[in-house]
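One structure below.
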Amino acid sequence: MESREGTEYSGERYGCEIINRLAECVGQQQLLKTLAELVQQMLASSDWRFKYTALMSLSQLGEHINDLNDIVPVAETAVRHFKDPHPKTRWAAYHVIGMLAEDCHPEFQIRFHETLIPTLIQSLNEPVPRVLCHVLNCLSNFMESLPEEHTPPYIEMVLTSIFPILKDGKVRLMRECSLAVLSATAEAAKTNFKPYADKCVPFLFEILKTHTQKEQKQMRGQAIETLTIIGSSIEKEAFAKYLPDVVQILLSIMNDVSLDDADPQRSYLIAGWQRICITLGEDFIPYLDVILPPTLKLVEIVLNNAPKEEEEISEYAVSDDNFGKRNRKDKANETVRQNLNTFDHEEVEIAISMIQVFVTELKKGYIPYVEKTTEIILRAVSYKVNNNIREKAAGCLPALLEVVKDSTHEMKDQVVLKLAHMFLNSLWKEVEKEYDPETLIMQISSFKNCIDVCGRFMNKQELEELSSKILLLLSESDKRKTEKNKYKNLEDEDDELAGYEVDPDDDDEEDLHIALAELMGILFKTHKELTLPLAGVVYTQILSKVLQPGLSDKMHKFGLFLIDDMVDYLGYELIPDIWPHLAEALIKFATDKTAYIRQASVFGIGLLAQRGKEYFKGIAEVCVQKVAESLKIPKGNEVEKIYNFSVDNSVATLGKIMQLHPEKVNVPVLAKLWFSHLPLKADIPEGLGQHELLMDILLSGNASMILGDNGEGIGHLLKIIAQITDSKMSNDSIKQKMTKVLKGLVEGPTQKLVEQGVMGLSELQKQRIRGLLKV
Amino acid sequence: MQKICGVKNVEDDNIKQMAIQSICLFAEREPVLFEKDPKLLRSYLEMVLAYMIEVSADPDSDWETPKEGILI
């Protein structure tokens, strides 16, 4: 929950952070059980501090709890303390609900909107201003993620309740918090907010006209935010009548803001322009003439004023947190690259982000500004003084290429080609000089994205040159890694003596390797047979080295990423000789002790099944066996999400093999194993694919293979359906098929089994099943 | 570490935070130890909660009514 109020004292916040970290590493089940016992004892105390601490500790649990049923008692406990006699206990109770609304949305809102919104509105008679502000924050968090279809009954109720506070709230913070509620309600309600725009917009204009004092800038910023959110929600036709005034006000504020560096309005303004651009789409283009020049000018001025190498750092400059780490020598000219962060630099960084939104959203409409923008952005790509600016500028380049590619310019192919070469040359020059590992990775990622936009555009010679450069970068990175390890080994020995396990993954160079693997992957994807020499080097010189048993997990991941991309993009046809060796490596790592290595490996086996065609028939059995083994590996020290990704990919690979090579595997046995591990929990694209496959099998007349001859799998199927309905793991097509499956089961002889199965579900899950049956 | 955290007259709050931090870092490196030993987990949680109770300050008028004119 936003802590703009600054009420949490550092010690309390520190304790909360520790509980959060503990939940992250130990796991929610164990922590929740132990914490629940302690919280119950503390809540029974008559001392407010015990109750307050108990509630504050509960506020940390939302993001670690997967099942909403475990949230219900936490929420009920908080609500019971809304009327506690002590203000800090009440504050903490609202804090719990606000945090749950943020961490468990939208399931939390769907489950509690009928009870919580009226209760929170009643709580607006809270006598202590600080607590009242927190009620408003809580309501704001709740409304922000309330699904659109649930908003209509509450919009009028919320507006009527907050307007008096917004107008006459005796403390400024109250007025700011109530404005945040208005903004959240408009954002959630979307087009349902149309009838209320006439009531709210003039009031917001009034705020912007009357709140002109320095200390009212936060309020003005929030008014800009609310206005532009209303615009996004009610869509451009309904917003059109307010648009000229909104643009005028924003422009006048834009002129004021540049005079005051630490102005909170600046970020609201930038976000506001971005929102208006997204709302209006092409209709925003006429405003670019007014908005872009000052923005580009701002970037240009800062670039022109870059301190020369010999100049001293000015007093207003704030060094980067990792200043020591980032004082690196520019390899090309042996001058020192210092990373400086000034207010100007932050402003330029934000301005470039805004330009990127314009470029991405307006696409071909941005064409008139491409030339000027390219000129400035390319200068920013090589801006020596600040690495954030270099990163942001590099991120803009692929979007600029896309603008030209989408345009109707008659010479666009030639222009794209020319720009691509220009961008890639500039980026690679920076890559060769760059010593900041994060910026370097960003530059390589941008390089990769530029190639992805252009597709196949390099000839054999250019590709060979680029391949050599990539391989050189890899070998330099290896050298630096070896050098670092010499020093690191001494420290590690000390750590080992102290009983700590040394973390071999803590290395920027390995992240760089992975970024380069992704770049090579894009080359395989776009330049196919032209990359065969590169693939040969990868196979003979890199894979054999990085897949050795003693190397770190990240190096194994780097190797497996390369294999996955070679399998996916080159296919059996282009690399038949090395295909068996790639398959062998993937099979070997499928049961690795590290979850993300298993994930990369089993995902690759799925690709072998898809791309290997005839060859796969010979290895189908061993692949199934290894993937099934991978599913037996229990969760280790990794965070739950990483483990779930690995399991999801194993299950998805079983599904793909069953679907593509049924003649080579024991389908009934495989189908049972696959079904028992559904639904997928973390990997959305794989989840959507597998859940759709399940419904297709059930609708194709093979239901007994999955559900058993006597329908013994129906209970599990109902759980799957109840869990994925209205979640990211389902979509309209899957929902339609689930409805068909359910109706088929209810209308047939399996009706009783469905009734029994539904009884074992939670209330929310029952609601979802009933909802599907109503469709 | 628990002894450090339990002492009432340690006036420097940072020392207690460091004690809590040390155990948390240990839990992050070796979570299995805490997963397998509920007593250890409970005992550490008690330590963190006791610290939070100890530092909970009574609300004063500044807390109850946020001042005007200050951007936090």
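The values are calculated or read from the model by the stated rules, or taken from the named source; none is laboratory data. Since the model is a prediction, treat every value here as computed from it, not as a measurement. Note: ideal-geometry Cβ built from the backbone for every residue, glycine included; neighbour counts use all protein chains shown. Side chains included, ligands, DNA and RNA excluded: accessible areas come from the protein's heavy atoms. Shrake-Rupley method; radii C 1.70, N 1.55, O 1.52, S 1.80 Å.
Using the Karplus relation 6.51 cos²θ - 1.76 cosθ + 1.60 with θ = phi - 60°, the per-residue 3J(HN,Hα) values for segment A:420-435 come to 4, 4, 4, 5, 5, 5, 4, 4, 5, 4, 5, 4, 5, 8, 5, 10 Hz, with x marking Gly and Pro.
Considering only protein heavy atoms, what per residue accessible area in square angstrom results for the protein assembly as shown with a 1.4 angstrom probe?
Details: 37980 Å² over 847 residues.
Value for the protein assembly as shown: 45 Å² per residue.
For a Förster distance of 30 Å, can you work out the FRET efficiency between the beta-carbons of B:D62 and A:N20, rounded to the nearest 0.05? Each step should come with its number before you reach the end.
Numbers: r = 27 Å, r/R0 = 0.91.
Here the calculated transfer efficiency is 0.65.
Relative contact order (percent) for segment A:395-479, with alpha-carbon contacts under 8 angstrom and 6 or more residues of separation? Mind dumping the intermediate values first?
On the way: 42 pairs, mean separation 30.4, N = 85.
Taking the mean separation of contacting Cα pairs over the length of segment A:395-479, I get 36 percent.
Here the alpha carbons of chain A define both size measures, Rg and Dmax, at 29.1, 86 Å.
With +1 on the Cβ of every Lys and Arg and -1 on the Cβ of every Asp and Glu, and nothing else charged, how large is the dipole of the protein assembly as shown about its Cα centre, in debye rounded to the nearest 20?
Details: 95 positive and 130 negative charges, 428 e Å.
Dipole about the Cα centre, nearest 20: 2060 debye.
What is the packing order of peptides A:87-98, A:34-45, taking the mean over residues of other C-beta atoms within 10 Å and listing the highest first? List each step's numbers first, then the result.
Working: A:87-98: 26.1, A:34-45: 16.2.
Ranking the peptides A:87-98, A:34-45 by packing returns A:87-98, A:34-45.
Quick one: pull the percent of accessible area on chain A belonging to carbon and sulfur, 1.4 Å probe, ligands and nucleic acids left out. Mind showing how you got there, number by number?
Details: 17280 of 33710 Å².
Looking at chain A in its full context, I get 51 percent from C and S.
If you take the accessible area of B alone plus A alone and subtract the pair, what total do you get in square angstrom, rounded to 100, with a 1.4 Å probe? Buried area (both sides, nearest 100 Å²): 4300 Å².
For the residue pairs A:K429/A:K486; A:K405/A:K448; A:K51/A:K170; A:K412/A:K448, the alpha carbons lie more than 24 Å apart in A:K429/A:K486; A:K51/A:K170.
Within segment A:394-485, the GluC sites (Glu not before Pro) that combine a DSSP coil assignment with at most 10 other C-beta atoms in a 10 angstrom radius are A:E410.
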